[in-house]
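Take a look at the structure set out below.
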There are 4 protein chains.
Amino acid sequence: MTFASDNWAGAAPEILDAIAKANDGAVPAYGGDELTKRVEARFAQVFERECAVYFVATGGAANGLALSVLSPPYGMIFCHEESHVQMDECAGPEFLTGGAKLIPVPGEGGKLTVDGFTKALKGFPYRPPHGSPPSVLSLTQATECGTLYSAGELKALCDAAHNADLTVHMDGARFANAVASSGASPADMTWRAGVDILCFGGTKNGCLAAEAVVFFDPSMAKDFDFRRKRAGHLWSKMRFISAQFDAYLANDLWLRLAARANAMGKRLSDGLAAIDGVEISYPTEINEVFACFPGDAAEKLRAAGEPFYPWITPGDPAEGRMNRLIASFRTTEEEVDGFIDRVSAAVKSPA
Amino acid sequence: MTFASDNWAGAAPEILDAIAKANDGAVPAYGGDELTKRVEARFAQVFERECAVYFVATGGAANGLALSVLSPPYGMIFCHEESHVQMDECAGPEFLTGGAKLIPVPGEGGKLTVDGFTKALKGFPYRPPHGSPPSVLSLTQATECGTLYSAGELKALCDAAHNADLTVHMDGARFANAVASSGASPADMTWRAGVDILCFGGTKNGCLAAEAVVFFDPSMAKDFDFRRKRAGHLWSKMRFISAQFDAYLANDLWLRLAARANAMGKRLSDGLAAIDGVEISYPTEINEVFACFPGDAAEKLRAAGEPFYPWITPGDPAEGRMNRLIASFRTTEEEVDGFIDRVSAAVKSPA
Amino acid sequence: MTFASDNWAGAAPEILDAIAKANDGAVPAYGGDELTKRVEARFAQVFERECAVYFVATGGAANGLALSVLSPPYGMIFCHEESHVQMDECAGPEFLTGGAKLIPVPGEGGKLTVDGFTKALKGFPYRPPHGSPPSVLSLTQATECGTLYSAGELKALCDAAHNADLTVHMDGARFANAVASSGASPADMTWRAGVDILCFGGTKNGCLAAEAVVFFDPSMAKDFDFRRKRAGHLWSKMRFISAQFDAYLANDLWLRLAARANAMGKRLSDGLAAIDGVEISYPTEINEVFACFPGDAAEKLRAAGEPFYPWITPGDPAEGRMNRLIASFRTTEEEVDGFIDRVSAAVKSPA
Amino acid sequence: MTFASDNWAGAAPEILDAIAKANDGAVPAYGGDELTKRVEARFAQVFERECAVYFVATGGAANGLALSVLSPPYGMIFCHEESHVQMDECAGPEFLTGGAKLIPVPGEGGKLTVDGFTKALKGFPYRPPHGSPPSVLSLTQATECGTLYSAGELKALCDAAHNADLTVHMDGARFANAVASSGASPADMTWRAGVDILCFGGTKNGCLAAEAVVFFDPSMAKDFDFRRKRAGHLWSKMRFISAQFDAYLANDLWLRLAARANAMGKRLSDGLAAIDGVEISYPTEINEVFACFPGDAAEKLRAAGEPFYPWITPGDPAEGRMNRLIASFRTTEEEVDGFIDRVSAAVKSPA
């Protein structure tokens, strides 16, 4: 087992069982089946509100397609400078929106602040048609740095966005981890705070390939169906994504899996922090740990076959020294402790 | 069980087993795992030639992304006027290529002919930069009308395309059915005939969601990786597509599933043809049957809950009277015979 | 002087004078100047109706940008198979709309008929989200074959389009020639017939570079300003397009120039028709003449330095033998007669 | 006369004369005429090197189309955070490249530095296919802040870009002002420093609408012709852009016009600097002056009808207090002195 990423883990057994169970019989394709309709409707309960829900297989698809509904093709999307939409989707949002402009905004620990966002906005006064019109604020919960926005912080950011006539997108690839960690309700973390569309992730947290685009105002979804289709993101055998969400939402599986990953993240963070010379870069609030190792410990560990990634970003406060470690729903205490021991040994061994 | 479409069927048990089996352990994401590499390499055996292989989840993604590599964004793609890329992907090829132009070409029974293609080409003499440059010929094997190109017909079409400096894309959503039915080798049906890229389908033939883009000249794949990623089509847990292809290609499962579906298609076609007044519109060469029912039989059957689709296309020779019926790898003889009986009854009952 | 195209002619002296006159003083850029506002408003008089007007420099820009407002990026645009948007803009409409699909429809003499359009539409029943939704009917007046729609024919086509929930775009690159020839009012030929957006051409008829996108329902223009800007089509020194239209519309200059070109077209057509063996392919209704020359007369003429183009299109009824000849506002009777003589000589001379 | 922008000025008389002179006779359209070929060739002399040259009418078109050749549609373009491509083209580069990502980089006075650029690059280590690949460095000469890069500074930046496998685009909307001010040769300021494509502006400096895209490596221009056409930027009556450049380059008109505008900028800057409380924000190196006025002087001046723009940008060091003033080739000493007097009065008058 490794700490390279939570998507190195496979799927939870409950998810695979649900897929197998959904395999019986002939059912309408492309989401016309009963299971899909039932599971889509289930989101209303989770979020305490009627919503329009669309399934896709990847987070990049979910984010880009959601943004294509919120932004005109010439619009401007404000996002954290380390966000996934900005850094990790190979200009996917630019492509899927038909050419919108992303404006990277700095902020400590992967988090945007009202001040930071407001300052960024000020640099783009409305100047039609020369300036691309500010259209969307994209937030990530939990953030790429493994930190969390409180419901209050989200509300303040969404208010600032709406006051400037922007809509709000939330990249929730690790939304489950955020909810499990904070204890805030899914509703408080999204539409009650002002989020317009949530990309609700399943894949990183035990699904095989399952992401839901959740519109809290169903009227906004107007042409999403066409956009999903033309981008090649409508599954013919949709039941197999629906089945994943069916199991994922049942009996709080999503929260249980995330809680497990979070706990392992915390254990890992605490263990590493106790090693002399190791610095934990960001508060460990979910299953991600960002750490700087002293001397050449990181190189030694990698040479010995530990696959974890350096974390280098535009605003990199650690000048290339940071490492990202991620626990998953599958991670065991033994694995965590073993890794801590190996880090400890690498730190102590002579160069 | 229904004859609405082969994608109303679920997945073959071997496919689900392979997914479950692939679930063990932590492995690199995004296709960096051993299984993916091994399965990609397997295609070289199937096609008797080194090739570059990329997996995606839908046929629309495979086709559009493949075309984006073959055509410049201002290029022209010739395809059958009833082809999936033209009719059923919601302008996906136009989107994924960045704006290429599709030229629909008529041809009986879903098939292009050298004459038809050449005549279409003649209408677009090279006039840079006014005319979009003819760039790609897109063929579908088996066709949307359930008919087959022989290896010789393919070669003649590919030669005509290459002679005019076009490359050749093959939409092989039902490629397995074509190979199983014709007995021609995968190589003869593709690169030996001159096909440059094959979109090799798994989903309609018993996979859950698995399509392979196969480049017979690996150098053509140059930037496919970027294109797949930015369109949101790179799976993080790639092993779960790879596992499907692993099982699909093992022990000729793909051909066995297709042969079963084809046989059921043939049985259905023969049974329907024997009913007075039923006309079979196209030769039944794979698992698809196109039939016109006399009087109001189609309406009666639909009213009684048989879900099958009318088949209306630009060149519709039957003026809206044709119906499309598709058998799948799961279809049983009893289902076929039962359906034939119900059609027979509907035809005979007074209006 | 040649008959290669009306855009081989330069600009009318009145147009150049207007540009020179508009050069005085500093005025707001990007269309904020008084002249631009005044000239935009002038269109309301010409068309007997308030309209929103935007200037650009090329017909390709006007057409593509107009279509981008009428069609969603995944929409379907029906047009004549020989239309400029389909044949001569290098996939510009696909690009400027963000990926819409053009459906070429045949029709004699460059004209669509209600029957032809209705038949084409029938091939694309509404099947969301698989089929791209039929969105726009694009008409060309005068047509690419130099023929005209009557106001009644336009109304019937627009009604058919609106009844099917499509909007109507008119490519009016030679709109002036159509109005001058038919005597119908600009209003009758556009919004009274049901046209939603007219691309009103100036360039081919004596302007330097001036095209107006005219929205008969100003609310449709909502974001045109942004679309024009991001495509690089907003002139900073807009006064220099406005000045062209100022002169073009004054004292019916546009109609006088077009009438002159039309008369020369007619004289050319009549003269050619009188030569043994010359066939006039389409009725000569404006300044364009389409003619087949017997034997190798066309080759001889070209070899002798007469620059005119062969006219080869998808539905080419003449199998490559047709030639397109265009008179301009500058063409003189002597030029016409001289050309007729040279054709006559070429036809008569031994091979 | 105003200082709102140099594009509020009209065209130089020599330019209009050249247009009028080019109006004689029928010549091939779309750039096939002799004048166009001759003027394109003239650039080889100006730049002391064979180059491929393409004309368009706007700076936005020139920049976006040039970038579409240098960057793949999923590429990353580094530019100054105040540059025109980032701030003033309504997401045109994103659109015209088919979705490339722009990375805004800060730098004092509108200038990028090797350090600043290198630091920005470091934030995006090559991570295919997740990270968009760094593809282009876009420089502006003169900058949006009216400052200049020396030939040495340009060379250092180009070297840094090429060493990282990026190509270099130069937005030269005010290239003439830069050359006239610095005395460096056009070659030293471009290809000898390492610039791959220059967008050579004419419009702001006395042309009507004329920009040239200059490829110093003609092989890079491969498909520019198609890209220009499909974006609607190929003029049919191309001679009218060519004629502008013919006059612009003759007898150093371009440099004389720019020198005049620069001198007026300098006079304005010096005069304003002498007023108590007025701060000149950036060195005045061309025809642009950036100034902060004390108290409410700016408001008073605007209320009195002086049309000049506030200059607010992402990195705005003056917190919204800066004003941009631009002299043109037409500006007179009297106009400058009059304006200085009015500013002086506004500063001194009681609030």
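Bear in mind these aren't lab numbers, they're just calculated from the coordinates by the rules spelled out. The structure displayed is predicted, hence computed values, not measured ones. Methodologically, a virtual Cβ is constructed for each residue, glycine included, from the backbone with ideal geometry; neighbour enumeration extends over all protein chains shown.
Sequentially through the range B:183-194, phi angles give Karplus couplings (6.51, -1.76, 1.60; θ = phi - 60°) of x, 5, 6, x, 5, 5, 7, 10, 5, 5, 7, x Hz, Gly and Pro residues having no value and appearing as x. When shorter helices are ignored and each DSSP H run of at least 4 residues is given -39500 (n - 2.57), the per-residue value for the protein assembly as shown at 222 nm works out to -11500 deg cm²/dmol. What are the nm distances, shortest first, from D:Thr118 to its equivalents in the other copies, labels at 7 Å along Cα→Cβ? Shortest to longest, the spacings are 3.8, 6.3, 7.3 nm. Ranked from shortest, the separations from the 7 Å Cα-to-Cβ label point of C:Glu48 to its equivalents in the other copies are 6.2, 6.6, 7.4 nm. Which cross-chain or sequence-distant (5 or more) residues have an amide H under 5 Å from the amide H of D:Val168, H modelled 1.01 Å from N in plane? Sorted by chain and number, the residues that satisfy this are D:Leu137, D:Asp196, D:Ile197. FRET efficiency for the pair A:Asp24 and A:Asn251, taken as 1/(1 + (r/R0)^6) with r the Cβ-Cβ distance and R0 = 22 Å, rounds to 0.55. A DSSP coil position with no more than 11 other Cβ atoms inside 10 Å describes the following GluC sites (Glu not before Pro) in the range C:272-351: C:Glu319.
Site pair D:Asp296 and D:Ile280 shows an inter-label distance of 2.9 nm when each label is modelled 7 Å from Cα along Cα→Cβ.
Among the chymotrypsin sites (Phe, Trp or Tyr not before Pro) in the range B:91-141, those located in a DSSP loop and surrounded by at most 11 other Cβ atoms within 10 Å of their own Cβ are B:Tyr126.
Principal axis extents of the Cα atoms in the protein assembly as shown, from largest to smallest and rounded to whole angstrom, are 86, 83, 51.
Determine the sum of side-chain charges near D:Ala210: Lys and Arg each +1, Asp and Glu each -1, restricted to other residues whose C-beta is under 11 angstrom from that of D:Ala210. Once positives and negatives cancel, what remains is 0.
Return an integer: the convex hull volume of the alpha-carbon atoms of chain C, in Å³ per residue.
Dividing the Cα hull volume of chain C by its residues yields 130 Å³.
Calculated on the alpha-carbon coordinates, the convex hull of the range C:1-81 measures out at 176 cubic angstrom per residue. Taking the square roots of 5 times each eigenvalue of the Cα gyration tensor of the range D:225-325, largest first, gives ellipsoid semi-axes of 36, 19, 13 Å. Restricting the range C:146-224 to trypsin sites (Lys or Arg not before Pro) that sit in a DSSP loop and have at most 15 other Cβ atoms within 10 Å of their own Cβ leaves C:Lys222. Whole-Hz Karplus values for the range C:209-226 come out as 6, 7, 9, 10, 9, 10, 9, 7, 10, x, 5, 5, 7, 1, 10, 4, 4, 5 Hz, taken residue by residue from phi with 6.51 cos²θ - 1.76 cosθ + 1.60 and θ = phi - 60°; glycine and proline positions read x. Shape of the range D:182-231 from the C-alpha gyration tensor: oblate (a/c of 1.5 or more and a/b not above b/c, with a ≥ b ≥ c the square roots of its eigenvalues). With the cut-off at 1.5 for a/c, could you classify the range D:1-141 from its C-alpha gyration tensor as rounded, prolate or oblate? The shape class here is prolate. In whole Hz, what ³J(HN,Hα) sequence does the range A:283-291 give by Karplus (6.51, -1.76, 1.60; θ = phi - 60°), x for Gly and Pro? For the range A:283-291, the Karplus-derived couplings read x, 8, 10, 10, 9, 10, 10, 10, 9 Hz, x marking Gly and Pro.
For the range A:15-252, DSSP calls about 35 percent of its internal beta bridges antiparallel.
In terms of the Cα gyration tensor, with a ≥ b ≥ c the square roots of its eigenvalues, is the range B:78-125 rounded because a/c is under 1.5, prolate because a/b exceeds b/c, or oblate? Verdict is oblate for the range B:78-125. Axis between D and C by rotation; chain D residue with nearest Cβ and distance in whole Å recorded as D:Ala57, 3.
Label points for D:Pro317 are taken 7 Å from Cα along Cα→Cβ. From this copy to the others they lie 2.7, 7.2, 7.6 nm apart, shortest first.
Put in order of Cβ neighbour count within 10 Å, fewest first, the listed residues D:Cys79, D:Cys292 become D:Cys292, D:Cys79. Restricting to bridges with both residues inside the protein assembly as shown, how much of the DSSP beta-bridge set is antiparallel, in percent to the nearest 5? Counting only bridges with both partners in the protein assembly as shown, antiparallel ones make up about 50 percent.
Averaging 1/r across all pairs of distinct Cα atoms in the range A:47-129 and inverting the result yields a Kirkwood radius of 14.0 Å. Estimated from the Cβ-Cβ distance and a Förster radius of 51 angstrom, the FRET efficiency linking C:Thr332 and B:Glu319 is about 0.40.
Other chains' Cβ within 10 Å of D:17-27 residues: what's the mean?
Partner Cβ neighbours, averaged per residue: 5.
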